[in-house]
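Shown next, in structure tokens, is the structure this report addresses.
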Amino acid sequence: MTEILVLGGGCFWCTEAVFVKVRGVTDVESGYCNGHTQAPSYEDVCTGRTGHNEVVKLSYDPAIIGTRELLEIFFLIHDPTTLNRQGHDVGTQYRSGIYVTQTAQAEVARELIAELTAANAFGRPIVTEVLSLDNYSAAEDYHQDFFERNPYQGYCMAVAAPKVEKFKKTFARWVRE
């Protein structure tokens, strides 16, 4: 049985680049969610006026990898302490967010955030929102598998590739073979 979890960790190219390499993740799709415009375009979302977040929708097999493990990877590869920003990407579409399709996923997310907060893991408060998934739509085709198709593009080399390497080094047991 497959479960769905949607994550916003800044630019979806970077987030997707990591999760396509995670064992137990069966599909990754870049998209937009939790805004008020129906089926927005990338250009619409980039204005910051649609309320949408750039996200990746993960389909995963919970018999192989659990929600907690996915979220541990998520917190490794982005900064959950910066509101509406990841590095040089600024705007509400780059906010840190966990968008759940099941109540149990929200409970796991809140528990992990509480543990990370108690441990002062990031030295600043975590601002990641945990909400039910709403108004999701897939991003345009040219955004799908962007890193895989464009590994030598400047942004991919400077931002996405280091996240992939950090994941591989820290979570070697979860790297897809």
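Quick rundown of the values:
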| item | result |
| --- | --- |
| Among the candidates ILE73, ILE98, ILE65, residue that is in contact with a strand residue (DSSP E or B) (Cβ under 6 Å, 6 or more places away or on another chain), in contact (Cβ under 8 Å) with a residue 12 or more places away in the chain and either under 29 Å from ALA172 (Cβ atoms) or not in a loop (DSSP other than H, G, I, E, B) (or both) | ILE98 |
| Search result, residues across the range 120-156 that are more than 14 Å from THR15 (Cα to Cα) and not in a loop (DSSP other than H, G, I, E, B) | GLU129, VAL130, LEU131, SER132, SER137, ALA138, ASP141, TYR142, ARG149, GLY154 |
| Which numbered condition THR37 fails, given (1) closer than 21 Å to ASN135 by Cα; (2) of a type in the set (Val, Ile, Thr); (3) assigned to a loop (DSSP other than H, G, I, E, B); (4) touching a strand residue (DSSP E or B) at 6+ places or on another chain (Cβ under 9 Å) | (4) |
| Pair list, Cβ < 7 Å and 6+ apart or interchain, from the range 145-169 residues that are free of Cβ contacts under 8 Å to residues at least 24 places away in the same chain to residues that are assigned to a helix (DSSP H, G or I) | ASN150/CYS156 |
| Tally of residues being buried (at least 18 other Cβ atoms within 10 Å of the Cβ) and β-branched (Val, Ile, Thr) across the range 93-102 | 2 |
| Residue among ALA104, ALA119 that is of a type in the set (A, V, I, L, M, F, W, C), within 18 Å of LEU76 (Cβ to Cβ), over 15 Å from the mean Cα position of the chain (by Cα) and at pLDDT 95 or above | ALA119 |
| Some residue of the range 53-61 being surrounded by fewer than 21 Cβ atoms within 10 Å (Cβ to Cβ), in contact (Cβ under 8 Å) with a residue 40 or more places away in the chain and among the basic types (Lys, Arg) | no |
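The values are calculated or read from the model by the stated rules, or taken from the named source; none is laboratory data. Keep in mind it's a predicted model, so treat the numbers as computed, not measured. A quick note on method: Cβ atoms are made from the backbone with ideal geometry, for glycine too, and the neighbour counts reach across all protein chains shown.
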